[in-house]
Amino acid sequence: MENTAIENTVQDTSQIKGWGVDSDTENDPTYPMKHRNNGEHAGYSWERPPQQQTDVEILHSNERPNVSAVFGTSTPPAGLSGMIRRYAFKYSESSYGHWLPLMLADRVGVVEGYLEDFSRGHVPNVFAERGWKAEWKHNRTSLVKRVLVGAVVATAAVAYLRSGSDDSSAKKERRPRRARR
Amino acid sequence: MLAMNFRGPLRVRIDHKPMPEIQHPQDAIVRVTRSCICGSDLHLYNGSVPDTRVGMTFGHEVTGVVEELGAGVGNLKIGDQVLVPFNIACGKCVFCQQELYGNCHESNSQATAVGGIFGYSHTGGGYDGGQAEYVRVPYADVGPTVIPEGMDPDDAVMLTDVVPTGYQAAEMGGIQPGDTVVVFGAGPVGIMAARCAWLFGAGRVIVIDHVDYRLEFVKNYAPCEAYNFKSLGDVVVFLKRTTDWMGADVCIDAVGAEAAGRVMQTILGRKLLMQGGSATALHWAINSVKKGGIVSIVGVYGPIDTLVPIGNVVNKGLTLRGNQASVKRLLPRLIEHVQNGILDPKALITHRIPLEEVSDAYRIFSAKLDNCIKPVLIPPSARS
């Protein structure tokens, strides 16, 4: 089937019978949050503030033609997470292709953060970073319970794995004996 | 300088970071005197906002002293004590021109759905925030407002977000005299929304939450009726019954992505991060409001899809209204309310914590330890 392009033309509303006869500018559900001036109708045409200059990589949404006049320069994209972020910005904010890779990049960034700490000779105190001092002070019983439960679960898991490895070693030891017969 | 440093979900620490610099003629550098932790910071802290990068500094509720100014700033001078709205707004784009300062088009390259916000991920523009000793403040002629003489600094810092967001939640509800208003969430914004609902003429204000000490607080502060949803059975049926089976005139979602109360929403939205948050409060709001009623949303959700009963919005003829608060638009009126004693925002601050203890502060706030309602971080220079 032939693919016919639809040709859109701007309508002259003054030629449309009845246009705007029931318009009520006060019936604006966004009032008073918005002082309507219909500036949007002129498109992206306002006098922009001076453009911030930078040598830092700034990603921008593909739903706009440019970077904003000012922007943050915190934590520019870098490493594997940066590569994932660059990929994500090929997709619009309406797409899972944008947000899911960004979530993945955030998790990859956590690992990179550990590596960065180690490379600087810093071993992060995860307990302090998670505010366990405050838990100890204000929620001690719950903290102790969680630590105990965690310890029991970890011990049980280790015991289970060790028993499994003991069994397999025993099997390995038995097999050669059978082979010798 | 000292600054909060995000290291991953549930992990933050204090670190030394380089001082911020003027990067644009309309920038200011502000020495921070107060910086709150906001409920919406917890979405970042929990790892539920995409493009929250390790190494970033959070903090969008800030007061401070102007230390340095770009060549293009005319309304401030060095030494001014300012409160800094959480929105970064240019004042020139068509959205700012219509006083939609939370929707500025010249402050966020990474996302078009929201304007720039201090310290709120790269989805919020990639700006380092004010949980630090110093912060870069773009468009310094537009947002920062000189703190009126005599105003308590704790009141001032609450005017950067909590008060305007709570006020706008009530404003967006289109509250008419005598209306019944239900506020979901007794966090700082919910408490302020309940208080402000009266300013618009509400006839009855009901707050729903599950944290008893916060319910007790809002009951006395707003004042209002306060109910723990865990004791109500079906929240929607309770609200229908208590409104003579009509439903509330206005429902306000002041919770957002971290809502508790419905297992499926909690699993999908908070545990698996498969939607833009747990929309339990919004679900209840849509189902509890009357036919033809208004649901006002100030709770923050992530940008991906979120399950809500949209069919009921259509069938009930509801109006949904939401936005980031337009702080600059609201400030003159709200400063008046604080100065006249109509609003007492500093009463919400329960914890004043040294900036150096930021890890513990986040834990206290997120786990609701020590009856915490609102924590404010105070850098060393503001403590001496």
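The values are calculated or read from the model by the stated rules, or taken from the named source; none is laboratory data. Just so it is clear, the structure is predicted and the values come from calculations on it, not from any experiment. Neighbour counts are summed over all protein chains in view; Cβ atoms, including those assigned to glycine, are modelled from backbone coordinates with ideal geometry.
Checking each residue in the range B:99-113 for being assigned to a loop (DSSP other than H, G, I, E, B), in contact (Cβ under 8 Å) with a residue 40 or more places away in the chain and closer than 16 Å to A:E40 by Cα picks out B:E99, B:L100, B:A113. Can you find even one residue in the range B:289-297 that is among the hydroxyl-bearing types (S, T, Y), under 16 Å from B:V308 (Cα atoms), at pLDDT 95 or above and under 18 Å from the mean Cα position of the chain (by Cα)? Yes: the range B:289-297 contains one or more residues that are among the hydroxyl-bearing types (S, T, Y), under 16 Å from B:V308 (Cα atoms), at pLDDT 95 or above and under 18 Å from the mean Cα position of the chain (by Cα). Scanning the range B:244-277 for residues that are touching a Leu at 6+ places or on another chain (Cβ under 9 Å) and not small (G, A, S) yields a total of 9. Which residues, taken from the range A:118-135, are exposed (fewer than 14 other Cβ atoms within 10 Å of the Cβ) and assigned to a helix (DSSP H, G or I)? Of everything in the range A:118-135, those that are exposed (fewer than 14 other Cβ atoms within 10 Å of the Cβ) and assigned to a helix (DSSP H, G or I) turn out to be A:F118, A:S119, A:F127.
Take B:G70 and decide whether it is farther than 27 Å from B:G299 by Cβ and in contact (Cβ under 8 Å) with a residue 24 or more places away in the chain. When the stated conditions are applied, B:G70 passes them. Here A:W99 clears all of (1) under 21 Å from the mean Cα position of the chain (by Cα); (2) of a type in the set (F, W, Y); (3) assigned to a loop (DSSP other than H, G, I, E, B); (4) within 8 Å of another protein chain (Cβ to nearest Cβ) except the condition numbered (3). The strands (runs of 3 or more DSSP E) found wholly in the range B:190-307 and carrying at least 3 residues that are surrounded by fewer than 24 Cβ atoms within 10 Å (Cβ to Cβ) occupy B:225-228, B:289-297. For the range B:154-173, the criterion of being away from chain A (no Cβ under 11 Å), more than 15 Å from the chain's Cα centre (by Cα), assigned to a loop (DSSP other than H, G, I, E, B) and surrounded by 23 or more Cβ atoms within 10 Å (Cβ to Cβ) is satisfied by at least one residue. If you go through the range B:358-371 and keep only what is within 9 Å of chain A (Cβ to nearest Cβ) and either modelled with pLDDT under 95 or in a loop (DSSP other than H, G, I, E, B) (or both), you end up with just B:A367. Here B:G59 meets each of (1) without any contact (Cβ under 8 Å) to a residue 40 or more places away in the chain; (2) within 12 Å of chain A (Cβ to nearest Cβ); (3) under 21 Å from B:L331 (Cα atoms); (4) part of a loop (DSSP other than H, G, I, E, B) with one exception, condition (1). Among the residues making up the range B:40-54, a single one is at pLDDT 95 or above, under 19 Å from the mean Cα position of the chain (by Cα) and either in a loop (DSSP other than H, G, I, E, B) or of a type in the set (G, A, S) (or both): B:T52.
From the set of residues in the range A:39-65 that are at the interface with chain B (Cβ under 7 Å from one of its Cβ atoms), among the charged types (D, E, K, R) and under 28 Å from the mean Cα position of the chain (by Cα), which is surrounded by the most Cβ atoms within 10 Å (Cβ to Cβ)? Ranking the candidates gives A:R64 first.
In the range B:25-71, the qualifying residues are those that are acidic (D, E) and in contact with a helix residue (DSSP H, G or I) (Cβ under 7 Å, 6 or more places away or on another chain), and the one that is surrounded by the fewest Cβ atoms within 10 Å (Cβ to Cβ) is B:D51.
All of (1) surrounded by 20 or more Cβ atoms within 10 Å (Cβ to Cβ); (2) more than 14 Å from chain A (Cβ to nearest Cβ); (3) among the hydroxyl-bearing types (S, T, Y) hold for B:S381 with one exception: (1).
Does any residue of the range B:335-345 turn out to be within 14 Å of chain A (Cβ to nearest Cβ), under 17 Å from B:V62 (Cα atoms) and under 16 Å from the mean Cα position of the chain (by Cα)? The answer is no; no qualifying residue exists. Of all residues in the range A:104-135, those satisfying the criterion of being in contact (Cβ under 8 Å) with a residue 12 or more places away in the chain and at the interface with another protein chain (Cβ under 8 Å from one of its Cβ atoms) are A:A105, A:D106, A:G109, A:E112. If you check B:A3 against the conditions, is it within 12 Å of another protein chain (Cβ to nearest Cβ), among the hydrophobic types (A, V, I, L, M, F, W, C), over 21 Å from B:G187 (Cβ atoms) and in a strand (DSSP E or B)? For B:A3, the condition - within 12 Å of another protein chain (Cβ to nearest Cβ), among the hydrophobic types (A, V, I, L, M, F, W, C), over 21 Å from B:G187 (Cβ atoms) and in a strand (DSSP E or B) - is met.
When the range A:136-148 is limited to residues that are surrounded by 12 or more Cβ atoms within 10 Å (Cβ to Cβ) and not aliphatic (A, V, I, L, M), the one that is farthest from the other protein chains (Cβ to nearest Cβ) turns out to be A:R146.
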